[in-house]
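Just so you know, all these numbers are worked out from the coordinates, no wet-lab data involved. It should be emphasised that the depicted structure is a prediction, and the values quoted were computed from it without experimental measurement. Glycine gets a Cβ as well: all are built from the backbone with ideal geometry, and neighbour counts include every protein chain shown.
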Amino acid sequence: MKRVLLKLSGEALAGEKHTGFDEATVIGVAKQVKVLVDDGIQVGIVIGGGNFWRGRTSENIDRTKADQIGMLATVMNCIYVSEIFRSVGMETEVFTPFECAGFAKLFTKDRALKRLNRGCVTFFAGGTGHPYFSTDTTTTLMAIEIEADVILLAKAVDGVYDSDPKQNPGAVKYDEISISDVVDQRLAVMDLTASIMCMENKMPMMVFGLGEKDSIINTVKGNFTGTKITV
Ligand code: UDP
């Protein structure tokens, strides 16, 4: 792996608090990513927004506006995580698909590749810039656009199961599964739009539990215990 796209959920940043930021958790992620960067691996990052807001949080306001708030939540998350990454010694840049003036840079592929090629951790904030999409779709889109080798999908659960392990104690974890099986069986890895984009563009994924010690490092360095999604 030379270039990876890491997806973190918004909830992952909140730790036990379930909202806002849990700094110790984020510092832990930063230290793991630094090991990869120091090893010459290029890292792009997409972060969800669920620790602040989701489009479906309000049933009373217009969906487009609600989704815009969700996209802005991902900008806050990326600015925060980017700063924590800097505090542990990494170079970072935050890109958005819409103008954020002095807060972030407008995304272009060329700008992003320039940063990645010099070892700068590159954050893709603000989702796709469009309502009715998700940060899963953003992850797939950005991974394809920056020509990442793989998507690293850090989750609350440690891989992909044939049914929800929280509901069904007998659920079986896959070591490996094809993206077409994920789509056919509607397995809850990413939303369907994002999964289909991965399938059509042959973008593999590694799904693992963020809560497990050194799981990001282990996934990249071959000590992988999650689920590999093949194309
Ligand atoms: N969002 C959006 N377009 C995008 C990405 C995100 O509208 O391209 C909004 C949407 O409202 C979403 C929220 O941002 O609920 C947070 O994104 P995330 O993917 O974490 O949301 P989830 O999938 O958990 O709803």
Loop-located GluC sites (Glu not before Pro) in region 160-231 whose Cβ has at most 16 other Cβ within 10 Å (DSSP): Glu212
Most fluctuating residue given options Gly170, Gly209, Gly127, as computed from a GNM of the chain linking Cα atoms under 10 Å: Gly170
Residue-count net charge about Ser178 - beta-carbon cut-off 15 Å; Lys, Arg +1, Asp, Glu -1: -3
Choice from Arg56, Arg86, Arg115 showing the highest fluctuation, given a GNM over the chain with Cα pairs closer than 10 Å: Arg56
Cα centroid of region 164-187 to Cα centroid of region 79-146, whole Å: 30
Convex hull projection area averaged over all views, the chain, Cα basis, nm²: 12.2
